[in-house]
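Before any comments, here is the structure.
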Amino acid sequence: MTSSEIPPLPSTIGKRGSYLDPDGTRLHFTVVDEIRQEHATFIYVLQLLRFDMGVEELRLGYYVLGKKPRFRGRWVWGQYAMSIAIEDFKVLIEEAQQKGWA
């Protein structure tokens with residue numbers, strides 16, 4: 001598949017979603033904003049989520065080009081994505097910068 005054949009990835013800003021908390025509670029959120037970085041056959045996504053109770057978190061995920069017949073040639077949300085408190089993410093980035101990683 002050439003780059004001209006790769007479909008654009010629509011925005012998820014404003015979309016609703018939910019997580020199942022380990023205690024069994026379903027937590028609902030809205031995607032407030034997102035940042036994307038294309039890399040070969042992946043698109044990395046950093047999303048700002050706002051949960052219905054007002055808490056904001058970051059979610060780091062990815063899209064891949066589908067390979068199975070039903071999804072072939074379409075962007076598919078990666079199976080694994082992590083959610084992290086914004087303050088915790090800042091600490092990780094600051095420590096990485098102090099170590100000279102970035």
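What follows is calculated from the coordinates using simple rules that are stated; it is not laboratory data. Quick caveat, the model's predicted, so the values are computed rather than measured. Using ideal geometry, Cβ is built from the backbone for each residue, glycine included, and neighbour counts are taken over all protein chains shown.
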Say whether the condition of being loosely packed, with under 13 Cβ neighbours inside 10 Å, in a loop (DSSP other than H, G, I, E, B) and hydrophobic (A, V, I, L, M, F, W, C) is met by at least one residue in the range 27-42.
yes
Could you check, for the range 84-93, whether at least one of its residues is part of a strand (DSSP E or B) and either surrounded by 14 or more Cβ atoms within 10 Å (Cβ to Cβ) or touching a strand residue (DSSP E or B) at 6+ places or on another chain (Cβ under 9 Å) (or both)?
yes
Restrict the check to the range 68-82 and report whether at least one residue is in a strand (DSSP E or B), free of Cβ contacts under 8 Å to residues at least 12 places away in the same chain and not acidic (D, E).
yes
Is there a residue in the range 6-17 that is out of contact with any strand residue (DSSP E or B) (no Cβ under 6 Å at 6 or more places or on another chain), surrounded by 11 or more Cβ atoms within 10 Å (Cβ to Cβ) and either more than 17 Å from G61 (Cβ to Cβ) or of a type in the set (V, I, T) (or both)?
yes
